[in-house]
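**Student:** Got a structure here, written out as C-alpha cells. Questions coming.
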Amino acid sequence: FFLGVWHNFVLGLASFMVLFLLPAILFPFYYTGVGALVTEVAEDSPANGPRGLFVGDLVTNLQDCPVYSVEDWNSCLGDISEKSQVGYCISAAILQQLSFPARVYRRLDGTVECCSNNSLTDICFSYSNNLDSHLYACLPARKVIEASNICRTNVDCQKDFVPSFCVTPSLENQTRLIRVKHPPHIDMLYVGHPMHLQYTVSLSSFIPRQNFLSIDLPVVIETFCKYLISLSGALAVINAVPCFALDGQWILNSFLEATLSSLIVEKQNRELVGFLILLAGSALLAANVALGLWMVTAR
C-alpha cells in the first residue's frame, strides 16, 4: 500500500538532491557566483531598448547591491522596493551647470515634478542646503549618476572640501530610479516599479564556459527538478492522507488492524473508527481543494 507513496517520495528527494548539487554537477561546463545572466527579456519589458538589457548580458550590480546570482537579483530588487530612493553626490558647481529653470508642481500623490513631461533623459531631483530643505532641479539623469557616489544625506558627500549635495530623484511613491550594471555595456538606468523589472527579465546563475553551450539548459534542468519536487511531493502527501479511494484508505485500514485488534475486539467497531478517520481526512482534503480553487479565482 505504501509503494506509490514511497516512489513519489524517493523521486522528489532525488530531484531535490540534483537541484541542490546542480552547481557541482554542471561545474565542468558552467560556473556560478559572478553575476546573473540574462536569458530572456519580455517584449513589453521596461528593460527592453537600446540602452537596456539583452540576452547574454551579465548583471553584476543593482545600485550599490552586488549581484552574484538570481537570488541576489531578487533580494536586491526587494530591498530597493522596500527602502527609500537613494541619492547621488554632485558638486555645487556641476549642479549649477547642469540645472536649468523649470516649473515645479505637485503630483496627485504629493510628490514634486520639475521637468517637462516630454523629456526622456531628464529627471527631477530634490536636495537641501543649510537655508532651504526643499530645493528641486531638473537634471540629465545619466550625467548626474555616472561617476557619482550613492548617498542618503549631504554628510555622505562632504569629501575633499568640495561643496557637494546629495540629490535624490523626486519620483512617485512606488517608482524607483535603479542603476543596473552589466559590464562591459553602459549602465542601464531604469525608472519604474522594481517588481516590473523582476517579472519581465529572466535570469540564470549559470554562465557557460564555452560559447557553444546553451544558456537555457541549466534553467530547463532547474525548472524540471522543481516540477518533479512539487508534483511528486504533492502526490506522496495526498496519497498518504486517510481519504476515501486513495492509498491512505488502505494504509489506515491495515494500520488499525495491526494496532487495534487487541484493544477493539469487534471488527465492526474498528471499521467504524476507520470510517470516522477517513471521513475527517476526506473533509480536510476537500476543504484544501476548495480553498485552493477559491484563492486562484479570487485573484
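The values are calculated or read from the model by the stated rules, or taken from the named source; none is laboratory data. These numbers come from a predicted model, not from an experiment. Note: ideal-geometry Cβ built from the backbone for every residue, glycine included; neighbour counts use all protein chains shown. Side chains are part of the model used for accessible areas, which takes the heavy atoms of the whole protein and leaves out ligands, DNA and RNA. Shrake-Rupley method; radii C 1.70, N 1.55, O 1.52, S 1.80 Å.
**Student:** Filter the stretch 247-274 down to residues that are closer than 20 Å to Val5 by Cα and without any contact (Cβ under 8 Å) to a residue 12 or more places away in the chain and give me whichever is most open to solvent (accessible area, probe 1.4 Å).
**Tutor:** Filtering first and then ranking leaves Phe255.
**Student:** For a quick check of your reading of the model, give me the residue pairs whose first member lies in the stretch 173-186 and is more than 28 Å from Arg106 (Cα to Cα), whose second is open to solvent by less than 80 Å² (accessible area, probe 1.4 Å) and among the polar types (S, T, N, Q), with beta-carbon atoms closer than 6 Å and at least 6 apart or on different chains.
**Tutor:** Hits for this filter: Lys181/Thr60; Lys181/Asn61.
**Student:** Considering (1) loosely packed, with under 12 Cβ neighbours inside 10 Å; (2) in a helix (DSSP H, G or I); (3) among the hydroxyl-bearing types (Ser, Thr, Tyr), say which one Ser282 fails and leave the rest.
**Tutor:** Single failed check for Ser282: (1).
**Student:** Given the residues Asn129, Asn149, which is the only one that is free of Cβ contacts under 8 Å to residues at least 40 places away in the same chain, assigned by the TED database to the domain that holds Arg103 and among the polar types (S, T, N, Q)? Steps first, answer last, please.
**Tutor:** Values: Asn149 fails: free of Cβ contacts under 8 Å to residues at least 40 places away in the same chain.
Result: Asn129 is the single residue among Asn129, Asn149 that is free of Cβ contacts under 8 Å to residues at least 40 places away in the same chain, assigned by the TED database to the domain that holds Arg103 and among the polar types (S, T, N, Q).
**Student:** Considering only the stretch 195-208, I want to know if a residue exists there that is among the polar types (S, T, N, Q), closer than 30 Å to Ser69 by Cα and open to solvent by 70 Å² or more (accessible area, probe 1.4 Å).
**Tutor:** Step one: of the stretch 195-208, the residues among the polar types (S, T, N, Q) are 198, 200, 202, 204-205.
If we keep only those that are closer than 30 Å to Ser69 by Cα too, we end up with 198, 200, 202, 204-205.
Those left that are additionally open to solvent by 70 Å² or more (accessible area, probe 1.4 Å): none.
No, every residue in the stretch 195-208 fails to be among the polar types (S, T, N, Q), closer than 30 Å to Ser69 by Cα and open to solvent by 70 Å² or more (accessible area, probe 1.4 Å).
**Student:** Right, next: Out of the stretch 218-241, which residues are over 30 Å from Phe206 (Cβ atoms), open to solvent by 40 Å² or more (accessible area, probe 1.4 Å) and touching a residue at least 12 places away in the same chain (Cβ under 8 Å)? Write out each step before concluding.
**Tutor:** Taking the stretch 218-241 and keeping what is over 30 Å from Phe206 (Cβ atoms), we get 237-241.
If we keep only those that are open to solvent by 40 Å² or more (accessible area, probe 1.4 Å) too, we end up with 237-238, 240.
Those that are over 30 Å from Phe206 (Cβ atoms), open to solvent by 40 Å² or more (accessible area, probe 1.4 Å) and touching a residue at least 12 places away in the same chain (Cβ under 8 Å): Ile238, Ala240.
**Student:** Oh, and also: Does the stretch 52-69 contain at least one residue that is part of a loop (DSSP other than H, G, I, E, B), closer than 19 Å to Lys143 by Cα and aliphatic (A, V, I, L, M)?
**Tutor:** No; the residues of the stretch 52-69 include none that is part of a loop (DSSP other than H, G, I, E, B), closer than 19 Å to Lys143 by Cα and aliphatic (A, V, I, L, M).
**Student:** Quick one: is Leu3 farther than 30 Å from Ser170 by Cα and touching a residue at least 60 places away in the same chain (Cβ under 8 Å)?
**Tutor:** Details: farther than 30 Å from Ser170 by Cα: yes; touching a residue at least 60 places away in the same chain (Cβ under 8 Å): no.
Spelling it out, it is not the case that Leu3 is farther than 30 Å from Ser170 by Cα and touching a residue at least 60 places away in the same chain (Cβ under 8 Å).
**Student:** Answer with yes or no whether Ala141 is among the hydrophobic types (A, V, I, L, M, F, W, C), within 30 Å of Leu53 (Cα to Cα), open to solvent by 70 Å² or more (accessible area, probe 1.4 Å) and not assigned by the TED database to the domain that holds Asn74. Show your work before the answer.
**Tutor:** Working: among the hydrophobic types (A, V, I, L, M, F, W, C): yes; within 30 Å of Leu53 (Cα to Cα): yes; open to solvent by 70 Å² or more (accessible area, probe 1.4 Å): no; not assigned by the TED database to the domain that holds Asn74: yes.
For Ala141, the condition - among the hydrophobic types (A, V, I, L, M, F, W, C), within 30 Å of Leu53 (Cα to Cα), open to solvent by 70 Å² or more (accessible area, probe 1.4 Å) and not assigned by the TED database to the domain that holds Asn74 - is not met.
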